[in-house]
Amino acid sequence: MPPKSNPLSFEKAKEQMALSLAAYKPSQSIERIEIKIQPVDMLSWLSIQKNEVKIYGANQSDTVSIVGIGQAVCIRSNRLGSFKKVFKQLRSFLSTKYPYLQWYGGFCFDQHHPDDDWKEFGSYRFVIPRFELAAQSGKMIFCCNLVGNENIGKILRQLNEIIIPCVSSGGRGRGIPSRPQRSEDGWGNPRTGPDDPLNIYVQRTDDPDQKLWQKDVERILADRSVEKVVLARKTSLNFKQAPDPWSMMRQLKAVTPNSYHFAFQFNKTCFLGASPERLFRRYQRLIESEALAGTMPKQTSPQQLQNSPKNKHEHALVVDAINASFKEFCKSFSRDKTPGILTLANGHHLITKFQGQLKDGINDEDILQFLHPTPALGGSPRKKALGLIRKLEGFSRGWYGAPIGYVGLDWAEFVVGIRSGLASGKKLFVFSGAGIVRGSEATLEWDEVENKISNFIKIIR
């Protein structure tokens, strides 16, 4: 825990951090300096820093959030090998001495389908940032993480390069104004105006295009060996000027409340999004998960979704898969008896929540092995569905649809990297998918994907 004292201004905290670093003594384990500070706007702070590694995360209620720059430790590889190997490395750096120390990162959706667009991310990449801001319920700490025989002179120079934000106490920061209030369209989405865009794209391409999408959907429906395949689309947007991912994240948060917001920038490539779906959260031996599948636009009623045979079937496949997994790794568990409705900015979703007590010896790697990918992102049966996805999709999903999150000493949480995009230079790749099951119509599934990517489209056009 940080020392019991009054919160410092960020400027004073930098001075205190420098004194603490100067007194640092090399250790065989990780060390962490935590200083209570007066709240600053985290996205404004992050956007002005000059670092190749930047991380942002916030929970659904936006009451807990973190930002990080640089990396004290990084583990990554272009081949996964096994979840067990990865988590063994992660746990080796965690200790009871620093309960708030966490790794941040994620895995790729399918290591057998790589792509140069995702080369900075690899099959997995996890980072303990060099410097962090962490906030909970209005309180904030400034942290520095150190490992072993560090070059303190170098870290002091990195500290000195941190730019002090010009607005504190929750201000938005100069150069990042708040968005004006806007009316809503028929979907319940905020309308855009001519002076509203974050940036205007000059070219758009869809992979697959609508004609090929139709053929792919027909091919899936003709294959009786699968019950469901989640077919994804990659929409490429080209800009005259490279869009700023941190301004984009601020805009995205404004139009996607009640979502898990995340961004990982490695070098000059940034993966960001607003996911409504938690894969799992573990606290000690308690685990929570949820089935999120079955979607209709906001202009429809929740009752229409609940009475839709196609959507009910699509949702049931995910419920059954998670239920089977919980039977394997839980000694007891419960779930919602009937699906509920999760209503977000651009649509209604069927949701069923699970909660259980883990069996002895079950760890995060075991949970991921069972759950990822659920039929909400892969299909059913899993192996056959993934085979069709590799065959039909002409691009790598990278971290789209994959587990991303954090790992601490006695807890971990991973969300599914959906409603997401990859910003690289003057390009933004936006990913989304739709579950193809009996009763699916290609045109309606195309429209569903279009609706899912609308959160990105409306903030840039």
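The condition (being at pLDDT 95 or above, more than 18 Å from the chain's Cα centre (by Cα) and among the hydrophobic types (A, V, I, L, M, F, W, C)) is satisfied by just one residue among L392, L368, L428, L409: L392. Remark: F109 matches the filter, which requires a residue to be closer than 20 Å to V230 by Cβ, assigned to a loop (DSSP other than H, G, I, E, B) and of a type in the set (A, V, I, L, M, F, W, C). Where strands (runs of 3 or more DSSP E) fall wholly inside region 247-360, the ranges with 2 or more residues that are small (G, A, S) are 269-275, 286-296, 330-335, 347-358. Scanning region 108-157 for residues that are among the acidic types (D, E) and in contact (Cβ under 8 Å) with a residue 12 or more places away in the chain returns D110, D115, D117, E120, E132, E150.
Residues in region 142-163 that are open to solvent by 10 Å² or more (accessible area, probe 1.4 Å), within 15 Å of S20 (Cα to Cα) and under 29 Å from the mean Cα position of the chain (by Cα): V147, Q158. Can you find even one residue in region 13-27 that is of a type in the set (S, T, N, Q) and modelled with pLDDT under 95? So far as region 13-27 goes, yes, one or more of its residues are of a type in the set (S, T, N, Q) and modelled with pLDDT under 95. Among the numbered criteria (1) surrounded by 17 or more Cβ atoms within 10 Å (Cβ to Cβ); (2) at negative phi, which one does G379 miss? Status for G379: all satisfied but (2).
Hey, could you check region 207-222 for residues that are in contact with a strand residue (DSSP E or B) (Cβ under 8 Å, 6 or more places away or on another chain) and not in a helix (DSSP H, G or I) and say which is least open to solvent (accessible area, probe 1.4 Å)? My answer is P208. Taking the criterion of being open to solvent by 50 Å² or more (accessible area, probe 1.4 Å) and touching a strand residue (DSSP E or B) at 6+ places or on another chain (Cβ under 7 Å), the residues of region 93-116 that qualify are F93, Y100.
Checking every residue in region 259-273 against the condition of being of a type in the set (A, V, I, L, M, F, W, C), buried (at least 18 other Cβ atoms within 10 Å of the Cβ), over 14 Å from the mean Cα position of the chain (by Cα) and modelled with pLDDT of 95 or more gives at least one match. Taken together, Q357, Q284, Q303 contain a single residue that is open to solvent by 60 Å² or more (accessible area, probe 1.4 Å), without any contact (Cβ under 8 Å) to a residue 40 or more places away in the chain and over 20 Å from the mean Cα position of the chain (by Cα), which is Q303. Any chance region 335-352 includes a residue that's of a type in the set (A, V, I, L, M, F, W, C), touching a residue at least 24 places away in the same chain (Cβ under 8 Å) and open to solvent by less than 10 Å² (accessible area, probe 1.4 Å)? Checking region 335-352: at least one residue is of a type in the set (A, V, I, L, M, F, W, C), touching a residue at least 24 places away in the same chain (Cβ under 8 Å) and open to solvent by less than 10 Å² (accessible area, probe 1.4 Å). Flag not set for L133, criterion: more than 25 Å from the chain's Cα centre (by Cα) and open to solvent by less than 20 Å² (accessible area, probe 1.4 Å).
The values are calculated or read from the model by the stated rules, or taken from the named source; none is laboratory data. Nothing here was measured: the structure is a model prediction, and the numbers come from that model. Positions of Cβ are backbone-derived with ideal geometry, glycine not excepted, and every protein chain shown enters the neighbour counts. The area values use the complete protein model at the heavy-atom level, side chains included, leaving out ligands, DNA and RNA. Shrake-Rupley method; radii C 1.70, N 1.55, O 1.52, S 1.80 Å.
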